[in-house]
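For reference, the structure is listed below as structure tokens.
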Amino acid sequence: MLRLCILAVVCGCAPFAALAAPLTNAEIADLCAQAEDASHCGRLIEEVQMKRLPGLARRERDQLLVTLFPQGSTTFTDSEDPVKGRSYSLWDYLDGINAVLLYTTAGDKTTFTLLHRATNRRYELPTEPQLSPDRQRLVTADVCGPRCTHEVAVWRITRDAIRKELAWSPDPDWIDASAKWKNSETLVIEYSVGEAATPGSLERKLGDAGWKRLQ
């Protein structure tokens with residue numbers, strides 16, 4: 001969730017794997033410092049990522065065309081409708097699962113769209129996902145106050161789909177959190193409480209009690 005806060009404030013995958021590199025928090029802050037809104041910020045990030053990932057996607061005005069594997073392409077079309085407006089921007093490439101990650105805005109709401117290039121299936125995730133070392137799961141941390149779900153979720157990756165497997169609601173006093181993998185069975189969660197200057201940190205195993213198991 002930290003990376004979305006920065007935005008608010010300001011397999012057949014070999015051809016792209018060597019170039020894929022997520023933007024750092026500093027790069028995001030620098031790119032989006034002068035952005036007019038979240039959609040504009042996403043477009044600025046897209047310009048950088050298209051240079052890092054040549055051939056993965058191209059833009060034609062309000063359309064973002066993403067290549068599929070082993071052939072073909074799919075199109076994401078921006079809409080400026082005042083009520084149902086939506087925008088898509090290239091964010092990153094997850095070479096471990098041959099998927100493209102798009103930064104998505106709808107009004108003042110921001111999410112991420114995960115496109116699996118082999119199946120052309122799309123999944124909406126609340127925040128930027130982190131891929132586990134064994135490439136079997138994703139984790140998202142959607143903690144940012146009343147406008148978020150206040151949930152850490154683990155998503156199971158199969159050949160045919162991506163499904164939410166585990167969910168956990170942290171302490172209601174948390175105002176921000178991010179989750180990363182220590183190993184394939186353990187998460188490291190960093191969080192902020194109120195105006196505390198030093199973020200807290202905890203580890204949570206996938207087998208721990210307290211998870212809501214959805215599968």
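Brief remarks follow.
- Listed by chain and number, the aspartates and glutamates placed with their C-alpha closer than 20 angstrom to that of residue 182 are 95, 128, 134, 142, 151, 165, 190, 203, 208; residues fewer than eight positions away on the same chain are left out.
- Think of it as helices only: each DSSP H run of n ≥ 4 in the chain is worth -39500 (n - 2.57), and spread over all residues that comes to -4500 deg cm²/dmol at 222 nm.
- A convex hull fitted to the Cα coordinates of the chain yields 132 cubic angstrom per residue.
- The orientation-averaged projection of the convex hull spanning the C-alpha atoms of segment 25-130 amounts to 6.8 square nanometres.
- Cβ-defined net charge surrounding residue 95, 13 Å radius [Lys, Arg +1; Asp, Glu -1]: +2
- Out-of-range pairs (alpha-carbon distance over 25 Å; input 84/180; 164/205; 109/164; 109/205; 51/109): 84/180; 109/205; 51/109
- Annotation: residue 88 carries an accessible surface of approximately 30 Å², with a 1.4 Å probe and no ligand, DNA or RNA atoms counted.
- Cα coordinate range in segment 91-215, projected on the principal axes (Å, largest first): 44, 37, 24
- Sparse packing (at most 15 other Cβ atoms within 10 Å of the Cβ) combined with a DSSP loop state is found for the following GluC sites (Glu not before Pro) in segment 28-99: 36, 80.
- Simple Cβ-charge dipole of the chain, Lys/Arg +1 and Asp/Glu -1, about Cα centre, in debye nearest 20: 920
- Relative contact order, percent, segment 127-215 [alpha-carbon distance under 8 Å, six or more residues apart]: 23
The values are calculated or read from the model by the stated rules, or taken from the named source; none is laboratory data. Not measured: the values here are computed from a predicted model. Because the Cβ atoms are built from the backbone with ideal geometry, glycine has one as well, and the counts that use them run over all protein chains shown. These accessible areas exclude ligands, DNA and RNA; they are computed on the full protein's heavy atoms, side chains included. Shrake-Rupley method; radii C 1.70, N 1.55, O 1.52, S 1.80 Å.
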